[in-house]
1. Could you give every pair whose Cβ atoms fall below 9 Å, whose first residue belongs to the stretch 11-39 and is under 30 Å from T222 (Cβ atoms), and whose second residue is among the polar types (S, T, N, Q) and assigned to a loop (DSSP other than H, G, I, E, B), counting only separations of at least 6 or pairs across chains?
2. State whether one or more residues within the stretch 158-175 are within 13 Å of the ligand (Cβ to nearest atom) and outside any helix (DSSP H, G or I).
3. If a residue has to be surrounded by 13 or more Cβ atoms within 10 Å (Cβ to Cβ) and within 28 Å of E69 (Cα to Cα) to count, how many in the stretch 2-47 make the cut?
4. Within the stretch 198-210, work out how many residues are touching a strand residue (DSSP E or B) at 6+ places or on another chain (Cβ under 9 Å) and open to solvent by 10 Å² or more (accessible area, probe 1.4 Å).
5. If I ask for residues that are crowded, with 19+ Cβ neighbours inside 10 Å and in a loop (DSSP other than H, G, I, E, B), which ones from the stretch 123-143 would you list?
6. Might you check whether a residue that is of a type in the set (S, T, Y) and open to solvent by less than 20 Å² (accessible area, probe 1.4 Å) occurs anywhere in the stretch 167-187?
7. Among the residues of the stretch 82-93, is any among the hydroxyl-bearing types (S, T, Y) and touching a Phe, Trp or Tyr at 6+ places or on another chain (Cβ under 6 Å)?
8. In this structure, is L28 in a loop (DSSP other than H, G, I, E, B) and either closer than 22 Å to G11 by Cβ or at pLDDT 95 or above (or both)?
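The values are calculated or read from the model by the stated rules, or taken from the named source; none is laboratory data. Everything quoted here is computed from the prediction, not taken from an experiment. Quick reminder, even Gly has a Cβ in these numbers, built from the backbone with ideal geometry, and neighbours come from all protein chains shown. Keep in mind that these areas ignore ligands, DNA and RNA; they rest on the heavy atoms of the full protein, side chains included. Shrake-Rupley method; radii C 1.70, N 1.55, O 1.52, S 1.80 Å.
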Amino acid sequence: MIDCKKIWMNGSLVNHDEAKIHVLAHTLHYGSSFFEGIRAYETDKGPAIFRLDEHIERLFASCKIYRTEVPFSREEVKEAIFQVMKANELKSAYIRPLVYRGYNKLGVNPTTCPVEVMVAAWFWGAYLGEEAINSGINAMTSSWRRLAPNTMPTLAKAGGNYLGSQLIKMEALENGYDEGIALDYHGLVSEGSGENLFLVKDKVIYTPTLASSALLGITRDTVITIAKELNYEVREESIPRELLYIADEVFLTGTAAEVTPVASIDKIQIGNGDKPVTKEIQKYYFDVVKGVRILKEEWLTYVK
Ligand code: PPE
């Protein structure tokens, strides 16, 4: 079970055990939900939520793609997040806002069903394990591709998209790997089941373009900003699978995964095992999210 005493649902805080929806809710049958994963870190000035505005914007963008009107304003959702942080007395947290289609009628058309919103927050440690943050994970190229263009929009962080992610993740775990890396429809590198991907070759940093069916990751943007700050050249390009095998370094990024090195892919060791660029960026990232180093003032929202 997830340890969170209070959850915000449609305007008020409710106890964990009362945060329920009907089994005939539209979202349960057709995947009609949109969500965010946001982290708050402990800082000298109390808990700070990292890039809150960008996460709220992406949540509303996901809803817009699916013609879904959120019944609360951006300010109200932010306020809900503060309330949940305080009610659960969290110093650091993983925050999960979710917009979903509730219960009225069944049938594919979602528009007859009410749009509901919930926010939960709890402590969530390293996504791929503490050890992975240092030594890196072993990944495989998934036999499952990411969603093809003009099928399901990958720029929307929609619940339904994560059926694809689940196939990628389960296949990797069943085969003894930590994570799966998916190719796009054209066979080019896309992303992990819940992370964006970067590689380093000859001191240049590469990441797939948005046309490769990846999510427009907020950590991806943070890492690009940090890399440029450190005077690295960053290229957003189409990446052939085999470039991963001959890269000097590969790492994954995400709110949950933070900056996680990849040690091997398909049992091929990445580089010589040293990860100087990944380590440099990872350290910078942790300093920025924890407010030790201020890169952009507006990236940290302190919980009032
Ligand atoms: N791609 C996918 C498919 C994805 O789910 C995430 C976040 C990212 C890239 C990175 O995006 P960002 O967090 O904005 O840097 N995955 C979220 C959910 C993970 C989960 O298991 O749940 C997350 O990291 O919060």
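1. Listed pairs, sorted by first residue: S32/T68; F34/T68; E36/T255; G37/T255; I38/T255; R39/S92; R39/T255.
2. Scanning the stretch 158-175, I find at least one residue that is within 13 Å of the ligand (Cβ to nearest atom) and outside any helix (DSSP H, G or I), so the answer is yes.
3. Total meeting the criteria: 28.
4. Within the stretch 198-210, residues that are touching a strand residue (DSSP E or B) at 6+ places or on another chain (Cβ under 9 Å) and open to solvent by 10 Å² or more (accessible area, probe 1.4 Å) number 6.
5. Hits for the stretch 123-143 are Y127, L128, G136, S142.
6. Looking for residues that are of a type in the set (S, T, Y) and open to solvent by less than 20 Å² (accessible area, probe 1.4 Å), one finds none in the stretch 167-187, hence no.
7. So far as the stretch 82-93 goes, yes, one or more of its residues are among the hydroxyl-bearing types (S, T, Y) and touching a Phe, Trp or Tyr at 6+ places or on another chain (Cβ under 6 Å).
8. No; evaluated as a whole, the condition is false for this residue.
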